[in-house]
Structures are given as structure tokens and as C-alpha cells.
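The values are calculated or read from the model by the stated rules, or taken from the named source; none is laboratory data. Predicted, not measured: the structure shown is a model, and the values here were computed from it. Cβ atoms come from the backbone with ideal geometry, glycine included; neighbour counts cover every protein chain shown. Surface areas here come from the heavy atoms of the whole protein model, side chains and all, with no ligands, DNA or RNA. Shrake-Rupley method; radii C 1.70, N 1.55, O 1.52, S 1.80 Å.
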Amino acid sequence: MTAAPVAENGNNTGSPDSGSPAPPRQKSWLGQHFSVLLWRRDSQAQKAGQLVSGLLALNVVFLGGAFICSMIFNSVAVTLGDVWFLLVALKLLSLLWLLYYVAGTTHRPHAVLYRDPHAGPLWVRGSLVLFGSCTICLNVFRVGYDVSHSHCKSQLELIFPVIEVIFICIQTWVLWKHCKDCVQIQTNLTRCGLMLTLATNLLLWVLAVTNDSMHREIKAELSAVMEKFSGNETNTCFCLNTTVCEVFQKGYLMLYPFSTEYCLICCTVLFVMWKNVGRCLAPHTGLHPSTHTFHLHGVIFGPLLGMLVLVAGVCVFVLFQIEASGPAIAHQFFTLYYGFYVAVLPAMSLACLAGTAIHGLEERELDTVKNPTRSLDVVLLMGAALGQVGIAYFSIVATVATDPHELLNRLILAYSLLLILQHIAQNLFIIEGLHRRPIWEAAQMDKPEAGPSRRSSLLELGQGLQRVSLAYIHSYSHLNWKRRALKEISLFLILCNITLWMMPAFGMHPEFENGLEKDFYGYQAWFTIVNFGLPLGVFYRMHSVGGLVELYLGA
């Protein structure tokens, strides 16, 4: 027999996670006093463990950041190989802890008594597997590229991608299986292990953002080929098989954003697991969004308009990718790309503003229950939006300072301004919706309290439950105009965000290829800005889809 779950806020008068009040239980003064002392001791121990593990992660990140910055500013003293050696050591330590966690910690008695139903939804775990698989393919292309240049490559350059593949496979498997765990034993060790793994993924992301050695190598090889055809011989390391090398190069460049995306998703999952260490949950009853089926419920205009945007986006994407396979991209294809965004972004902004206004008209209670997953969702929405917003502001400055009267520059300027407005409007809509109580929870709150069984007859209790069930079915099956409008808006925004996720995720990067900002800021600076912002932008679109699905189900 296990003890009853302790409320997170230290009160014993209700269920902290389900939100349903429980009948007060009479305790002696001595029992209440000891309960408060035990809760304070556990709370202090939890805060101390979080502080120690947070300091561990902070020191690891600062050490790795110092190595990466030293490599950037003084590549002679600190080389890329030195940074790789540090990351390999961190990966091995993280792997040892992950294996120990699976084989040791979770198999002990009373190790995982509770599992957070809000953590690790299906779309997060699916994204983890998708981007992890793409990152494995990226390392396979990298190994193939290095093998095709084996006559001028060191053996160490073949080992590091293999270690990366092993690390990704084990980490993805552990996170998929244990992302909902609320560990109750070895809490300090578990927190430190999670923070070490999180810091390792964060450093891998920073290295992927700042390291352009592979891109420079491919560019130098292409320039050397052109010089060779012109009659000038160079000492550049050439590929033994040109066709195979071109396949490896294209695959590597196309999958490069997936690597940074995978690191960001792992960091979010590990942070939620870290927050859930030592957390006790009350038993959940009733329907839950993860088990709730997805039905259209008669919505028409949202899916129809969203499908039109999706089809148009696929057409623009295919045309741009075909043009990008050639030696240069024509001017009109950049105009087509930015024109598509200038048409879609205002529609999305208006839909978000309309949804926010409808939220204000609805008389639905706010959900104030403590929920680490929802709090992290809000932080991630605000933080990931900084990626595209930052790129947009840099583009605005470069456009205004260069030539704002040229057609393409005017489109880039309009695209940047509309992108900022759309991020603000969509964040307001999603965050407002996440903090409103879903319809099934509102129905559960209306259930009659159990109370003392001696004072309520079985017949009256059955009749009350029947009335609540009929009211819930009637409310859910017959949508009023507010709920129907919210569902239409949510579906339209889901399809639009999927379209805007697909285009940069699969290798469409006009921000770097149009040449305007690259010439204005310089290759190295703009490469870092784009590599920092684009993965965050892809993550933002994907995270927005998950939030919008929750809004749709909760409407």
C-alpha cells in the first residue's frame, strides 16, 4: 500500500491537480503541526536539490560556451576537435546516467508512483522521434561525406558522428518511455542527471548554431571546382566521387535544421521531467485531452481555408526547391515566396485577434491549478518566437538602410513587419486559451459533491450524475457560435502553422539565399543569426500546432 499523494501547495483540503474539492478531514493539533513540519522539510529539500542541479547545468553550459567561443575567436588554440572531445565526454556521462536511470532508478520499489498526464503529449514524442531520425540521417550523410574525402580526413572525424548516433538513439528511447515520470526516489541524483543531459543538448544546439565549418568546406570545394575548370589548380581536398558527394552535401544541408530542432525538443522534455521529480499528483478522473477524440463537429470554413493555404504553400515550396537546385535562384521566385507570406500572415493575425475577442466574450473560468507543463508551454511560445522576430528586425534594418524602394526589398520589409505582428497576435490567442478551463473540466466541476454518504441517498446521487451527464452531452454535441468560431479559427491556424513549419524545416531558407542581409551584415554574422533564429522559428510553428490542438479540443 502506498501513501496518499500529498498536495503540492501543502494543503490537504483538496486535489491540487484535478481541481475537485475534497471533504475536510479533522486532525488533531499535533497531527496538523507535524504535517506542516514535514511539508516544509520536503519543500526545502526539493528547492535545495533544484538549486544544486541548476548550478551544475549552469557551470557545464558556461564551460562549453567558453570552449565554443574560444574556437570561434581563436581557432588555432582551441580547435573544433577540442570542442568535440568535451561534448563526447558530456555525452558519455549523460549516456551512463540515462542507462542507470532506466535499469536502476525506475526499477526500484515506489520509484515512479505518479505519471504526469500533461507531460509528453503524443505530438511532442512524435516530433522527438521524427527529428531524432532526421538527425541520425544527418550524421549518416556526414559520415558518407567524410568517407568520400577519406584521403584527406582524420579517423577521429568518423568517430564523432557514430557516437552522436548512439547518443541520439538511447536518449530518444529513454525520453519516449519515461517523459511522464514523477520520480520519488534518488531525487537529487535524478535532478543532476537530467540537468547534465539538458546542458549537453543545449551545448550541441549552440555548436550547431555557430559552427559553419561544413558549410564553408562545401563552399570552398565548389569554388575550387570552378577554379579548376578555369585553369587554376588549388590544393583543396576534392571528393573521389563527385555524384556521391553531391548527394551527401545536399542531404546534409537539407537536414541541418533538424539537428538543432532535435536538441531544443530534448531540452524541453528534460526540463519537464526535472520539474516533475519528487512531484505528487492526485488521481485524475474524467475526460482528458490526451484521450479525447478529434472530431470536426461540422466546422467547414477553417479546414477549407487552411487547405487552400497548405496547397498554395506546397506549390511555392516545390517551385522554389526546383529553382534552388540550379546554380542561382531567379529574382521572381523570391518575390513569389515573400508575396505568399504577405498574403497569409495578415489572415492569420486577423484570425488570432478574432479568437482572442471571442475568448473575452466567453464566460469560462480560468484554470489556476499548478501545471508545470502549461507554464513551460507559455515560456516556450514566448521564447521560440524570439527566433523569427529577431531575424525580422535584422531584416528591417538591412532593408531600410539599403534600398527600401525596390520591389523585393519592399516585400521583405512588409514580410518582416507582418511576421512580428502575427507572432504577437498568435501568442495572445494561444496563451489566453491555454489558461481557460476546458469544457469537459467545467462539466466535471459541476458534479455533485460526494459529501457524507449517510446524508445523501443513492437515488438522489444517481439522478444528479445523470443530469450532469445529459447537460455535458447536450453542451458538447450542440456547439454555440462562440465555440464553433473558436474551432474554425483553431483549425485554420493549425493548417497555416503546418504550412509555415514545412517550408523552412525542409530546406527552404530565402532569408539566407536572397543576399540582401548577407551582404549587409557579412557571411559569418548572418549565418549565426539565421542558424539561431530559423530552428527557433521551426520549433515555434510546431509548438503552436500543439497548443492550437489543445485549444480546439477544449473549445
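What FRET efficiency, computed as 1/(1 + (r/R0)^6) with R0 = 51 Å and r the Cβ-Cβ distance, is obtained for Thr242 and Asn188, rounded to the nearest 0.05? Don't skip to the end; give the middle numbers.
Values: r = 55 Å, r/R0 = 1.08.
Once the sixth-power term is evaluated, E becomes 0.40.
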TODO: Lys and Arg at +1, Asp and Glu at -1: add these up for the other residues within a Cβ distance under 14 Å of Thr105 and post the number.
DONE: +2
Task: Integer Hz, Karplus 6.51/-1.76/1.60 couplings in order for region 481-490, x for Gly and Pro - done: 5, 5, 5, 5, 5, 5, 5, 4, 5, 4
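Determine the gain in length on full extension of the stretch Leu113-Gln46; use 0.36 nm per residue of separation and subtract their C-alpha separation, reporting nm with one decimal.
Values: separation 67, 0.36 × 67 = 24.12 nm, distance 1.71 nm.
That pair, Leu113 and Gln46, stretches by 22.4 nm at full extension.
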- [ ] State, to one decimal in nm, how far the label point of Val88 lies from the label point of Ser133, with both points 7 Å from Cα in the Cβ direction.
- [x] 2.9
Open item on the list: Sort Glu513, Glu157 by heavy-atom solvent-accessible area, probe 1.4 angstrom, most to least.
Closed with: Glu513, Glu157
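Find out how many positive minus negative residues lie around Trp481, taking Lys and Arg as positive, Asp and Glu as negative, among other residues whose Cβ is under 12 Å from that of Trp481. Spell out each step's value before the answer.
Numbers: positive: Lys482, Arg483, Arg484, Lys487; negative: Glu362, Glu488.
Combined, the nearby Lys, Arg, Asp and Glu give +2.
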Open item on the list: Once R0 is set to 56 Å, what does the formula 1/(1 + (r/R0)^6) return for the Cβ-Cβ distance between Leu428 and Ile166, expressed as a FRET efficiency to the nearest 0.05?
Closed with: 0.85
Task: Label zone at Ala354 (point 7 Å along Cα-to-Cβ), backbone N below 18 Å, region 307-322 - done: 307-310
Open item on the list: Residues of region 99-123 with backbone nitrogen within less than 19 Å of a virtual label 7 Å along the Cα-to-Cβ line of Trp173, please, listed as ranges.
Closed with: 99-108
- [ ] For a label point 7 Å from the Cα of Trp123 along Cα→C-beta, name the residues of region 261-277 whose backbone N is under 19 Å from it.
- [x] 261-270, 272
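Using the beta-carbon distance between Ser154 and Glu513 and R0 = 35 Å, what value does 1/(1 + (r/R0)^6) give for FRET efficiency, to the nearest 0.05? If you can, show how the numbers build up before the last one.
Working: r = 32 Å, r/R0 = 0.91.
E(calc), rounded to 0.05, equals 0.65.
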TODO: Rank by packing, highest mean first: peptides 139-145, 309-315, with packing defined as the count of other Cβ atoms within 10 Å averaged across residues.
DONE: 139-145, 309-315
- [ ] Add +1 for every Lys or Arg and -1 for every Asp or Glu among the other residues with Cβ under 11 Å from the Cβ of Ala384, and state the total.
- [x] -1
Open item on the list: Rounded to the nearest 10 Å², what accessible area does His110 have for a 1.4 Å probe in the complete protein model?
Closed with: 110
